[in-house]
1. So what's Rg/Rh here for the range 110-173, counting alpha carbon atoms and using the Kirkwood radius for Rh?
2. R0 = 35 Å: FRET efficiency of Arg181 with Val55, Cβ-based, nearest 0.05?
3. Taking every alpha carbon pair in the range 1-50, what does the distance histogram look like in 5 angstrom bins from 0, in percent?
4. Please work out the C-alpha center-to-center distance from the range 149-188 to the range 8-76 and express it in whole Å.
5. Taking Rh as the Kirkwood radius, which is the inverse of the mean 1/r over Cα pairs, what is the Rg/Rh value for the range 35-142?
6. Considering only protein heavy atoms and a probe of 1.4 Å, how much of the accessible area of the chain is carbon and sulfur, as a whole percent?
7. Could you order the peptides 162-172, 2-12 from most to least packed, using the average number of other C-beta atoms within 10 Å per residue?
8. Distances longer than 17 Å among the Cα atoms of the range 145-191: what percent of all pairs is that?
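The values are calculated or read from the model by the stated rules, or taken from the named source; none is laboratory data. Predicted model only: the values in this text are computed from it and were never measured. Ideal geometry is used to build each Cβ from the backbone, glycine not excepted, and the neighbour counts take in all protein chains shown. Heads up: the accessible areas ignore ligands, DNA and RNA and are worked out on the full protein's heavy atoms, side chains in. Shrake-Rupley method; radii C 1.70, N 1.55, O 1.52, S 1.80 Å.
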Amino acid sequence: VLPQGRVRALGDMRIALEGALGGRAGVVIVSGTGSVGFGRDENGMSVKGGGWGAVMGDEGSAQWIARKALAAAAHAVDGTGPRTQLVSIFTRHFRLRSFHAIIGPVYCDMTPRSLGSLAPLVVRAARGRDRVARSILQKAGEALAEQGAAAIRRLPHGATCVSCQGSVLDAGSAILNPLRRSLKRLEPEVK
């Protein structure tokens with residue numbers, strides 16, 4: 001279609017930063033299936049914190065939340081962790097007779113994206129006052145703040161403007177409040 005045109009493929013973190021800050025210096029914290037803190041200073045230098053993928057990172061992402069919730073449910077069933085509504089929520093979601101049957105659906109059928117699709121179940125449990133689910137979301141918000149702060153610290157000229165993007169933030173205050181508190185603690189000048 002454009003034989004003389006140049007094509008440049010960019011990651012969604014760059015697009016999110018551009019869309020959020022319109023070319024200005026700053027940092028975007030993105031949390032969907034994965035997570036990353038990505039920033040650019042006024043000289044155009046860009047850096048990231050996090051963004052290492054499902055095996056080495058993605059703290060605070062949808063699939064990270066789901067992994068933590070599945071592990072918490074398993075610990076509750078074993079009696080090595082606190083009781084949680086997550087056991088019955090996951091059992092119903094996968095249409096299982098017992099939580100013990102969850103290994104097949106989780107290990108055989110789940111991709112990072114389908115794993116991430118379980119995060120709204122954790123949000124629902126948190127809204128139902130489940131302490132375990134609330135703790136997972138709090139830790140997710142704190143982890144996202146750490147990624148954003150890491151990007152801010154790595155920018156030679158700093159950044160004070162931060163935008164948060166991604167489907168995980170649909171969890172609302174359960175994620176946003178700990179994210180904001182942690183980010184302010186780590187980087188007091190941030191807006």
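1. 1.07
2. 0.75
3. Once binned at 5 Å, the Cα pair distances of the range 1-50 give 5, 19, 28, 19, 12, 8, 8, 1.
4. So the two Cα centres are separated by 11 Å.
5. 1.07
6. 53 percent
7. 162-172, 2-12
8. I get 31 percent for the Cα pairs in the range 145-191 exceeding 17 Å.
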